[in-house]
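The values are calculated or read from the model by the stated rules, or taken from the named source; none is laboratory data. All figures in this text were calculated on a predicted structure; none of them were measured in a lab. Virtual Cβ from ideal backbone geometry, glycine too; neighbours counted across all protein chains shown. Surface accessibility is based on the protein's heavy atoms, side chains included, excluding ligands, DNA and RNA. Shrake-Rupley method; radii C 1.70, N 1.55, O 1.52, S 1.80 Å.
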Amino acid sequence: IFVNGMYEKGFTDIVGYDVNRMSVDRGKEVYKNVADKLVVKDVSGFIEEEEKYDVILASDIISYVGSPNDTIANISKLLKQDGVCYLNSIIIDSDKFEQDPRGWPPVGNGEHVTLFTSDGLKKLLDDNGLVSEKYGEWDNDDEQMIFWKIKKG
């Protein structure tokens, strides 16, 4: 969806990574105009490229990986020196989570494997030499999400 949206706004030098082959195959089926820009890739694994991207959108990925430090280190490695990364993630700072963590929809369904407080996520970014600025939060009846704008330090 994001790659197609960027393409429709006139951006052509774009790529979308997803570790899930079925998601990539579905994206190629639905968004044929950007099918060649959708790639199966695990961003927590070994990454050869360095300083390749001006902008990285890491939307809803960090809580799904078993090695968030490797993922953030790779994002830092892939980001150009003057580039920016936009990252969002659910956080467990909410009263809802503290009152009933087992009843919280994102927990226990086999999808989210790493949960963060907002301070914990900021520390992960800081530890990887990234300067982060919180630029928003989203809160609904079930969960809370935090949005970061990230640059190299």
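Below, the figures for the structure above:
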{"item": "Index of the failed condition, Gly66 passing every other in (1) on the phi > 0 side of the Ramachandran plot; (2) at pLDDT below 90", "result": "(1)"}
{"item": "Restricting the stretch 1-22 to residues that are over 19 Å from Ile75 (Cβ atoms) and small (Gly, Ala, Ser), the residue that is surrounded by the most Cβ atoms within 10 Å (Cβ to Cβ)", "result": "Gly5"}
{"item": "Residues that are part of a loop (DSSP other than H, G, I, E, B) and either open to solvent by 50 Å² or more (accessible area, probe 1.4 Å) or without any contact (Cβ under 8 Å) to a residue 24 or more places away in the chain (or both), drawn from the stretch 119-147", "result": "Asn140, Asp141, Asp142"}
{"item": "Positions within the stretch 56-88 being in a strand (DSSP E or B) and polar (S, T, N, Q), in sequence order", "result": "Ser59, Gln81, Asn88"}
{"item": "Criterion violated by Val34 - all others in (1) at pLDDT below 95; (2) touching a Lys or Arg at 6+ places or on another chain (Cβ under 9 Å) satisfied", "result": "(1)"}
{"item": "Asn4 vs. criteria in contact (Cβ under 8 Å) with a residue 24 or more places away in the chain, more than 20 Å from Ile150 (Cα to Cα), polar (S, T, N, Q) and in a helix (DSSP H, G or I)", "result": "yes"}
{"item": "Some residue of the stretch 75-85 being more than 18 Å from Asp126 (Cα to Cα) and under 16 Å from the mean Cα position of the chain (by Cα)", "result": "no"}
